[in-house]
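Enquirer: Questions regarding the structure given below will be posed in turn.
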Amino acid sequence: MAADDTVVDRFTSWLRDRGLPVTAQRVAVAEVLFEADRHLSAEEIAAELNGRGSKVGTATVYRTLDVLLESGLVVERDFGEGFRRFESARDVPQHEHLICTGCGRVEEFRDDRIERIAGELAESRGFTRERHRLVIYGRCRSCRAANS
């Protein structure tokens with residue numbers, strides 16, 4: 001799967017608008033992240049790049065991730081694993097995560113009932129809801145089947 005050129009172009013334009021260098025390493029990190037269908041850690045991004053023959057160090061990946069976060073094109077996720085994961089912002093509406101404590105699989109889902117309840121809970125306590133995060137930990141069907 002090729003990275004979404006439009007998103008990569010948006011990133012390079014964002015860099016140029018701020019007078020920041022558009023380097024091959026930054027573009028390569030962005031491409032890996034934008035074409036991923038899952039949440040990636042910095043180490044996974046570096047490993048993927050090295051597998052493609054691009055020698056990009058983990059420190060460069062972290063620095064590029066910080067720039068991508070600042071651009072708003074990438075969001076950070078902390079699933080309590082001791083490290084951060086990243087995903088493309090993708091203009092996707094608010095979504096939640098299910099995480100398997102056996103294999104580590106992360107599944108995204110969206111449920112309008114959660115959105116409604118979050119808004120009602122915030123409002124009932126005098127808050128205007130801006131965002132929320134829900135992560136459900138459990139065992140996926142495959143891990144449960146393997147343990148039966």
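The values are calculated or read from the model by the stated rules, or taken from the named source; none is laboratory data. Predicted, not measured: the structure shown is a model, and the values here were computed from it. For neighbour counting, all protein chains shown are included, and Cβ atoms are generated from backbone atoms with ideal geometry for every residue, glycine included.
Enquirer: Do any residues in region 128-146 that are without any contact (Cβ under 8 Å) to a residue 12 or more places away in the chain have Cβ atoms under 6 Å from those of residues that are surrounded by 11 or more Cβ atoms within 10 Å (Cβ to Cβ), where the two are at least six apart or on different chains, and which pairs are they?
Expert: Short answer, once both residue conditions are applied: R129/A118; R129/G119; R129/A122.
Enquirer: Taking the condition modelled with pLDDT of 85 or more and either at positive phi or surrounded by fewer than 11 Cβ atoms within 10 Å (Cβ to Cβ) (or both), does I114 pass?
Expert: So I114 fails the test.
Enquirer: Kindly indicate the residue of region 128-148 that is modelled with pLDDT of 85 or more and loosely packed, with under 11 Cβ neighbours inside 10 Å and also nearest to the chain's Cα centre (by Cα) among those meeting that condition.
Expert: Ranking the qualifying residues of region 128-148, first place goes to I136.
Enquirer: Would you call L121 modelled with pLDDT of 90 or more and either in a strand (DSSP E or B) or of a type outside the set (V, I, T) (or both)?
Expert: Yes, satisfied.
Enquirer: Determine whether L33 is among the hydrophobic types (A, V, I, L, M, F, W, C) and in contact (Cβ under 8 Å) with a residue 24 or more places away in the chain.
Expert: yes
Enquirer: What's the total number of residues in region 16-35 that are in a helix (DSSP H, G or I) and among the polar types (S, T, N, Q)?
Expert: 1
Enquirer: Surrounded by 13 or more Cβ atoms within 10 Å (Cβ to Cβ) and charged (D, E, K, R): is that true of R26 in this structure?
Expert: So R26 passes the test.
Enquirer: Which residues, taken from region 51-90, are part of a helix (DSSP H, G or I) and surrounded by 13 or more Cβ atoms within 10 Å (Cβ to Cβ)?
Expert: Matches in region 51-90: T58, T60, V61, Y62, R63, T64, L65, V67, L68, L69, S71.
Enquirer: If we scan region 83-90, do we find a residue that is of a type in the set (G, A, S) and under 29 Å from E115 (Cβ atoms)?
Expert: Yes: region 83-90 contains one or more residues that are of a type in the set (G, A, S) and under 29 Å from E115 (Cβ atoms).
Enquirer: Quick one: is E43 surrounded by 11 or more Cβ atoms within 10 Å (Cβ to Cβ), in the same structural domain as P21 (by TED's automatic domain parsing) and of a type in the set (D, E)?
Expert: yes
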